[in-house]
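So the structure is just underneath, and the comments pick up after that.
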Amino acid sequence: MAIQYKRILLKLSGEALAGSAGFGLDVDTIQDICVGIKTAHELGAQIAIVVGGGNFWRGRSSGEMERTRADQIGMLATAMNALAVADSLEHLGLEVRVQTALNMQQVAEPYIRNRAIRHLEKGRIVILACGTGNPFFSTDTASALRAAEINADIIFKATMVDGVYDKDPKKYDDAKKYDTLTFSRVLADKLAVMDSTAATMCRDNRLPILVFDILHPENIAKAVSGEKIGTLVTEK
């Protein structure tokens, strides 16, 4: 079966891993997501994953804590999520490597671009944790950076909604969903796709983003196959 995207970077939010609990790790939810990842992998896609940490920690809501320290705690939260996803994928029979932007050699490899690409070429799934390794940069920005570095064809941003809307669909019944968007429009209208740093990096590197609903993990394989789901963000 022909696939539209050979190498993808899948951005998973921490909230997606928490399931209905909203905090921590929900094993059944993670298992469902990983089954969806496995299906996409079996189609022939090379898959790198960037995980967020919002199910454990949000730096911007950490009160009076110094920003750098708060962001460092968030990076460690993404490492916990990466290990949980890796374990679930391994239980499904997949080969997985976790790479971190912060040095923690007892639990994961350090992020090295060429090594990550080599893992992908060998059919392994690579999970990238700890963001960029720097404070003040979100895991969305880390996704844009890593996707550009590994020459990904596209970023799949798996969210809790089925695409990008002109306003919050959970609050407004008349919210309009976009099928396609440009990064210039996203930045001008301040649409909730990803932060402006990440969106600008994707625009400048002509790296498309597909935003879709991870509540239906089969969407990952559908997206790899080129089915029209979610919202596709590109720059003409």
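Along the chain, the longest continuous region that contains none of the chymotrypsin sites (Phe, Trp or Tyr not before Pro) in a DSSP loop with at most 15 other C-beta atoms within 10 Å is 24-135.
How high is the relative contact order of the stretch 96-175, given as a whole-number percent (alpha carbon pairs under 8 Å, six or more residues apart)?
Numbers: 78 pairs, mean separation 18.0, N = 80.
So the answer I get is 22 percent.
Screening the chain for whole DSSP H helices with an alpha carbon extent of at least 30 angstrom along the helix axis and a mean Kyte-Doolittle hydropathy of at least -0.5 yields 67-91.
Distance between the modelled labels on Ala188 and Lys171, one decimal in nanometres: 2.3 nm (7 Å Cα→Cβ projection).
By the helix-only formula, in which each DSSP H run with n ≥ 4 contributes -39500 (n - 2.57) and the sum is divided by residues, the chain has a 222 nm mean residue ellipticity of -11500 deg cm²/dmol. Close amide H pairs (under 5 Å, H built 1.01 Å from N) link Lys11 with Val50, Phe156, Lys157, Ala158, residues at least 5 positions away or on another chain. For the stretch 1-100, GluC sites (Glu not before Pro) meeting the loop criterion (DSSP other than H, G, I, E, B) and having at most 16 other Cβ atoms within 10 Å: Glu64, Glu66, Glu95. Largest GNM mean-square fluctuation across Gly54, Gly131, Gly63, computed for the chain with C-alpha springs under 10 Å, falls on Gly63.
Past the 31 Å Cα-Cα mark, which pairs from Lys6/Lys177; Lys38/Lys167; Lys6/Lys170; Lys11/Lys176; Lys167/Lys236? Lys38/Lys167; Lys6/Lys170, as the Cα separations exceed 31 Å there. Here the stretch 27-85 is treated as a Stokes sphere of Kirkwood radius computed over C-alpha pairs; at 4 °C and 1.567 mPa s its diffusion coefficient rounds to 99 µm²/s.
Taking the chain as a Gaussian network of alpha-carbon nodes connected by springs under 10 Å, the highest mean-square fluctuation of the residues Gln106, Gln46, Gln72 belongs to Gln106.
Each reported figure results from applying straightforward, stated rules to the coordinates on display, with no laboratory input. Note that the coordinates shown come from a computational prediction; the quantities given were computed from them, not determined experimentally. Neighbour counts run over all protein chains shown; Cβ positions are idealised from the backbone, glycine included.
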